[in-house]
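The values are calculated or read from the model by the stated rules, or taken from the named source; none is laboratory data. Owing to the predicted nature of the structure, the values given are computational and were not obtained by experimental measurement. Here the Cβ positions follow ideal geometry from the backbone for every residue, glycine too, while neighbour counts run over all protein chains shown.
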Amino acid sequence: MAVYTDVAADELAGFLGQYDLGGLLSYKGIAEGVENSNFLLHTAKGYFILTLYEKRVARGDLPFFLGLMAHLAAHGINCPQPVMNKGGEALSELAGRPAAIITFLEGVWPRKPSAIHCAGVGQTLAKMHLAGRDFAMSRANALSVAGWRPLFDAAKARADEVQPGLRDFLAAELDFLESGVWPSNLPVGVIHADLFPDNAFFLGDRLSGVIDFTFACNDILAYDVAICLNAWCFEADHSFNVTKARAFLSAYGRERKLSDAEQDALPLLARGAAIRFLLTRLVDWLNVPPGALVKPKDPLEYVRKLRFHQSVKGVRDYGLAAGPLA
């Protein structure tokens, strides 16, 4: 989440006239994240989140994101729900951007995830994968293997300004991942694709909800698992925490078992997830719009994570013996 497009109070009050939410009491921008402009709204009927979609989010994809949230909620996944305007539409327009209001979830995201947090995320991720099996809509992952080279091309000229040798490091890894090694025969379905700690809310040790589905798409289910290994199972110094990984993978496996083929592919998928976030963070780091209320995330965090996954030989290095994860 972030704020790229500011909204004046009178403009927002007029926008809210399209909804049955009562008068605007207050609002503030949310600076975390890097993709869209987000605001916390306080109206006469409670708290809500307003999102203005920009940057990488295509308008044609928005019905998928909003429909997926409704579908998952109907299957027991606690996630925000789109608020319909008086015309019965979930999508409106504000400040020249597509805009939607969604319900507010109670809870806070864990700044220092524990093994208990990781287990909660693993369980919920598996339940989401199962719940998405009968979701009627589909969306290709624009940030899978074919999407990484254009990101690299956009950043390579200045990559060594961020870290000497980064350009060659990224080029070599891309060459490897594009050489035909990426798996094509693993189970696919709807994935969240961005389930980082700041997109998971907890009340104490209990996961209370999952937010931000603007990268959700159809892709390899185990790739979503690999994204979470990167996002949840490293420490602040970017060292890998085997205890957290074991808790995450075991909890996932109790809901949806990973096949032997999925387990074998985890190190490769984790490398792909690492370079995907390294590249998007690098592009964002080099291209923050002047005056934007946004905190770009450090791309170098993912250099160390990628190096770790390059050294992994199998699922045992992630804390589990090979075989059914249960």
>> For a quick check of your reading of the model, give me the residue pairs whose first member lies in the range 119-148 and is closer than 20 Å to Ser184 by Cα, whose second is in a helix (DSSP H, G or I) and β-branched (Val, Ile, Thr), with beta-carbon atoms closer than 8 Å and at least 6 apart or on different chains.
In response: Leu143/Thr280; Trp148/Ile275
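For the range 156-197, what are the residues that are surrounded by 13 or more Cβ atoms within 10 Å (Cβ to Cβ) and in a loop (DSSP other than H, G, I, E, B)? Before you say what the answer is, go through the steps one by one.
In the first step, residues of the range 156-197 are kept if they are surrounded by 13 or more Cβ atoms within 10 Å (Cβ to Cβ); the result is 156, 158-160, 162-163, 166-167, 169-171, 173-174, 176-178, 182-183, 186-197.
Selection gives Gln163, Trp182, Pro183, Leu186, Pro187, His192, Ala193, Asp194, Leu195, Phe196.
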> Out of all the residues in the range 93-108, is one or more under 20 Å from Phe215 (Cβ atoms) and among the aromatic types (Phe, Trp, Tyr)?
Replying inline: no
> Is it the case that Val210 is surrounded by fewer than 20 Cβ atoms within 10 Å (Cβ to Cβ), in contact (Cβ under 8 Å) with a residue 60 or more places away in the chain, of a type in the set (A, V, I, L, M, F, W, C) and under 16 Å from Val121 (Cα atoms)?
Replying inline: no
>> Out of the residues in the range 48-81 meeting the condition of being in contact with an Asp or Glu (Cβ under 9 Å, 6 or more places away or on another chain) and surrounded by fewer than 20 Cβ atoms within 10 Å (Cβ to Cβ), tell me which one is farthest from Asp10 (Cα to Cα).
In response: His75
> Wholly within the range 219-288, which helices (runs of 4 or more DSSP H) include no fewer than the required count, namely at least 3 residues that are touching a residue at least 60 places away in the same chain (Cβ under 8 Å) and out of contact with any His (no Cβ under 9 Å at 6 or more places or on another chain)?
Replying inline: 242-255, 260-286
> So which residues in the range 126-145 are touching a Phe, Trp or Tyr at 6+ places or on another chain (Cβ under 6 Å) and more than 15 Å from Phe65 (Cα to Cα), if there are any at all?
Replying inline: Ala126, Val145
> So is Glu255 assigned by TED's automatic domain parsing to the domain that holds Phe196, surrounded by fewer than 18 Cβ atoms within 10 Å (Cβ to Cβ) and at pLDDT 95 or above or not?
Replying inline: yes
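Would you check which residues across the range 82-91 are of a type outside the set (A, V, I, L, M, F, W, C) and buried (at least 17 other Cβ atoms within 10 Å of the Cβ) and list them?
Filtering the range 82-91 for residues of a type outside the set (A, V, I, L, M, F, W, C) gives 82, 85-89.
Of everything in the range 82-91, those that are of a type outside the set (A, V, I, L, M, F, W, C) and buried (at least 17 other Cβ atoms within 10 Å of the Cβ) turn out to be Pro82, Asn85.
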>> Every residue in the range 49-80 that is part of a loop (DSSP other than H, G, I, E, B), more than 18 Å from Ile30 (Cβ to Cβ) and modelled with pLDDT of 90 or more, please.
In response: His75, Gly76, Ile77, Asn78
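Please count how many residues of the range 89-124 are part of a loop (DSSP other than H, G, I, E, B) and in contact with a Gly (Cβ under 9 Å, 6 or more places away or on another chain).
Start the filter on the range 89-124 by keeping residues that are part of a loop (DSSP other than H, G, I, E, B), which leaves 89-91, 95-96, 104-107, 109-114.
Adding the requirement that they be in contact with a Gly (Cβ under 9 Å, 6 or more places away or on another chain) leaves 90, 104-107.
Here the count works out to 5.
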> Which residue out of Arg133, Arg158, Arg149, Arg167 is within 21 Å of the chain's Cα centre (by Cα), of a type in the set (Lys, Arg), over 28 Å from Pro113 (Cβ atoms) and modelled with pLDDT of 95 or more?
Replying inline: Arg149
> Counting only residues that are among the hydrophobic types (A, V, I, L, M, F, W, C) and modelled with pLDDT of 90 or more, which one in the range 290-326 is nearest to Ala126 (Cα to Cα)?
Replying inline: Val315
